[in-house]
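K.L.:
Here's a structure for you.
Values quoted throughout were computed directly from the atomic coordinates according to the rules given, and no laboratory measurement underlies them. For clarity, every value in this text was computed on a predicted model and none was experimentally measured. Every residue, glycine as well, gets a Cβ built from its backbone with ideal geometry; the counts of neighbours run over all protein chains shown.
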Amino acid sequence: MPTLTAGQTANAAAVTEKEAMARNAPFRLSRSSLVAGLCVVAAGAFAWAGTAAHPGGPGGSPATTMAGTLPPRSGADAVYPSISRGSLPTRIVIPAAGVDVPIAEVGVVLSDGVPVWETAWRAAGHHIDSALPGQPGNMVITGHVSVADRRNLAAFSALDAVVPGDSIEVYSGGARYLYTVERVLVVPPDAVHLLRSDSVAAVTLITCTRDLNDRLVVVGTLTTIENTKDDA
């Protein structure tokens, strides 16, 4: 699979999106992407570039995955063996922004031979090649700021209400992972350095700014892990 820049990935996604809508292909990029989808696609390009040092797919290429709402492809365990050592995120809550939405897995898919990033439908999207909740590294979650299709969900429509010190709750299995917001940034679409991982358990949330020109990025670090198995 060729290595693409963030701009090339977004352009390829835009062309492929139009072709997919013309064919009305199920589970392809939705019509809601006309307004905000390219923002999430560009965020996906961030994540691809930010994790290039340890790609998930064979031969050093990004692994091809489908959204969490679809059946897993055969061989998925071989592509992502680390999943068995942790739990995928299923829900994100951000009280300051009024966010309480499910999380679906998103990754790179091939569309007519072109690699494109998926966008989550009625959910925030966890980039499957990023860290899992509680693990060292950068967990990347993206969401729409606005949608054209009313059936879809603008998961991060009020993310700009978040400030440093606010909490981000990510649910996974029987645990709640509490992150504290450290930084809120507005960056250009090519600011891929924000997706790099290190030994710190962190979460990076990405959406578009309201004018759709730049990216709003919220970065938090893990502070607490709570058991939720006994919660009512």
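K.L.:
Select, from 153, 110, 185, the only residue that is in a strand (DSSP E or B) and over 20 Å from residue 222 (Cβ atoms).
P.N.:
Answer to the check: 110.
K.L.:
Quick check on region 196-232: of everything there that is more than 23 Å from residue 169 (Cβ to Cβ) and among the basic types (Lys, Arg), which residue is surrounded by the most Cβ atoms within 10 Å (Cβ to Cβ)?
P.N.:
196
K.L.:
Follow-up question, since we're still on this one. If the requirement is being in contact with a helix residue (DSSP H, G or I) (Cβ under 8 Å, 6 or more places away or on another chain), not in a strand (DSSP E or B) and not charged (D, E, K, R), which of these qualifies: 194, 216?
P.N.:
Exactly one of 194, 216 is in contact with a helix residue (DSSP H, G or I) (Cβ under 8 Å, 6 or more places away or on another chain), not in a strand (DSSP E or B) and not charged (D, E, K, R), namely 194.
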